[in-house]
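> Let me begin by handing over the structure; questions about it come next.
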2 protein chains.
Amino acid sequence: MASLATILQAVRVRYTLPPDEVFQSVAASVAEHMAAYDASHDFHHVLRVTALSKTILMAESQAHDPTVVLLAALLHDVTDKKYTRPEDGSKLAEILASASVSPDLSASIVEVVNNVSYSTEMRNPDWTRQVLSQHPELGIVQDADRLDAIGAVGIGRTFTFGGAKTPHSSMQLSREHISEKLVKLKGLMKTETGRQMARERTERLQLFSSWWDEECTP
Amino acid sequence: MASLATILQAVRVRYTLPPDEVFQSVAASVAEHMAAYDASHDFHHVLRVTALSKTILMAESQAHDPTVVLLAALLHDVTDKKYTRPEDGSKLAEILASASVSPDLSASIVEVVNNVSYSTEMRNPDWTRQVLSQHPELGIVQDADRLDAIGAVGIGRTFTFGGAKTPHSSMQLSREHISEKLVKLKGLMKTETGRQMARERTERLQLFSSWWDEECTP
């Protein structure tokens, strides 16, 4: 697994970034806040999404604000509705302020984070498109988050989430979640890099599902 | 998923069995007892292991007592040490007695169930060999249980168990469990049918692991 320092170093080859301390401060707050989440949405997930965001950022030709991409990736699950209460809404701004991020930059990052989620996009795709046109960084973080929901890691996360949240529900629900939601995520990719990476991971979901179905009908 | 009635019907083509009611009574007690377990060791697991035991029983040429095979498969996780306390030790005999299984048959089934587990075999492989020579049915139930621990279903069960039992431990532990234990199970198969079925499911574990490792080093 890539460390945050390695990710920042790779981005600095092409872009100017605030000092590492800003990112490390945000990462420490995120890790502390998400320690209460289960392993399907832990700080390892956040680091993978940040590393994937870096990969997409470096591969895309369109201009993006790299600081918005990386800080939004680090923060993207802090207000996840599956784990938090509405009163945690100000958490993002607090974490950014305590890392001395300027109010303007903070507002952009919060806007991106508030629009990453699949359910937010499903409820109002027009609104997501509008935010995307103002903050193209959103597309990178969405794609990275969705790439981590598919492939082998996505499979592991689906069953881990099921075990943690609904331990007495049949695993068949996790199997069906793959066909009902995960294989469709590649159609929602916003960047060309994300779309390409989603192709192979989606094939992995399909192969795994065919194994599962065969093993469950002996 | 095969129902218990379908499994019994398939076995009756070649073997004489006690009335369906005996198996249904045991199955109902097992389902009730295991409702407290998480989805990695639920009644669906029991049914898959019973169906796999049937498949191996029907494919093997060596003589086996089909009633011992099927009842031991149904009961094999009732005293699983990951979920039960030592005082649950008499549970097996109680369930069999309430299904009117004779004391002699019950003793054989309990002997098989008490020796299915991987950790029991690892602690004393000579003892397992001795029980196997007296009760070859043990080999069938062990192979069926281990087949359900590998392949796509084994992967799903590993992450589900991790999510349910240790929700705050990294998923990487589940990934490592595949290499450290699951890929080795095929070397412990007791029947030729089990060995053959384990081959493909072990390749699935290996392919999944290579996907995981690649996705975790972006």
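> Taking only the alpha-carbon atoms of chain B, what semi-axes of the equivalent ellipsoid follow from 5 times the gyration tensor eigenvalues under a square root, in whole Å, largest first?
29, 19, 16
> How large is log10 I(q)/I(0) at q = 0.06, 0.11, 0.12 Å⁻¹ when the Debye formula is applied to the Cα atoms of the protein assembly as shown, each weighted equally and without solvent?
Evaluating at q = 0.06, 0.11, 0.12 Å⁻¹ gives log10 I(q)/I(0) of -0.32, -0.84, -0.94.
> Next question. If we count every other residue with Cβ under 11 angstrom of B:Thr128's Cβ, Lys/Arg +1 and Asp/Glu -1, where does the sum land?
Numbers: positive: B:Arg123, B:Arg129, B:Lys190; negative: B:Glu121, B:Asp126.
Summing Lys and Arg as +1 and Asp and Glu as -1 gives +1.
> All other residues with a Cβ under 15 Å from the Cβ of B:Ala5 taken together, and with Lys, Arg as +1 and Asp, Glu as -1, what is their net charge? All intermediate terms of the calculation are to be shown ahead of the outcome.
Numbers: positive: B:Arg12, B:Lys54; negative: B:Asp20, B:Glu21.
That works out to 0.
> For the stretch B:190-201, what does the Karplus curve 6.51 cos²θ - 1.76 cosθ + 1.60, with θ = phi - 60°, yield as ³J(HN,Hα) per residue in whole Hz, taken in order and with x for Gly and Pro?
9, 10, 5, 4, x, 4, 4, 5, 6, 4, 5, 5
> Let me ask something else. Within straight cross-link reach of A:Lys165, meaning Cα distance under 18 Å, which aspartates and glutamates are found once same-chain residues fewer than 8 apart are removed?
A:Asp38, A:Asp42, A:Asp77, A:Asp80, A:Glu176, B:Asp38, B:Asp42
> Taking the stretch A:89-159, which trypsin sites (Lys or Arg not before Pro) meet the DSSP loop condition and have no more than 16 other C-beta atoms within 10 Å?
Working: sites: A:Lys91, A:Arg123, A:Arg129, A:Arg146, A:Arg157; in loops: none.
Here no loop site has a sparse enough neighbourhood.
> Still on this structure, please answer the following. Per the Cauchy relation, a quarter of the hull surface: what is the mean projected area of the convex hull of the alpha carbons in the stretch A:87-196, in nm²? Walk me through the numbers before you get to the answer.
On the way: hull surface 34.6 nm².
Computing the convex hull of the Cα atoms and averaging its projections yields 8.6 nm².
> With labels modelled as points extended 7 Å from the Cα through the Cβ direction, what inter-label distance (nm, one decimal) is found for A:Leu173 paired with A:Ala59?
3.4 nm
> How far is A:Thr16 from the same spot in each other copy, in nm, shortest first, if each label point sits 7 Å from Cα toward Cβ?
Relative to the other copies, A:Thr16 has label-point distances of 9.1 nm.
> Could you check how many percent of all C-alpha pairs in the stretch A:155-203 are farther apart than 18 Å?
Of the Cα pairs, 39 percent sit more than 18 Å apart.
> Counting other Cβ atoms within 10 Å, which trypsin sites (Lys or Arg not before Pro) in the stretch A:1-76 have at most 10 and lie in a DSSP loop? All intermediate terms of the calculation are to be shown ahead of the outcome.
Working: sites: A:Arg12, A:Arg14, A:Arg48, A:Lys54; in loops: A:Arg14.
Passing both the DSSP loop test and the Cβ count: A:Arg14.
Each reported figure results from applying straightforward, stated rules to the coordinates on display, with no laboratory input. All of these numbers come straight from a predicted model, not from anything done at the bench. So basically every Cβ, Gly included, is an ideal-geometry build from the backbone, and we count neighbours across all protein chains shown.
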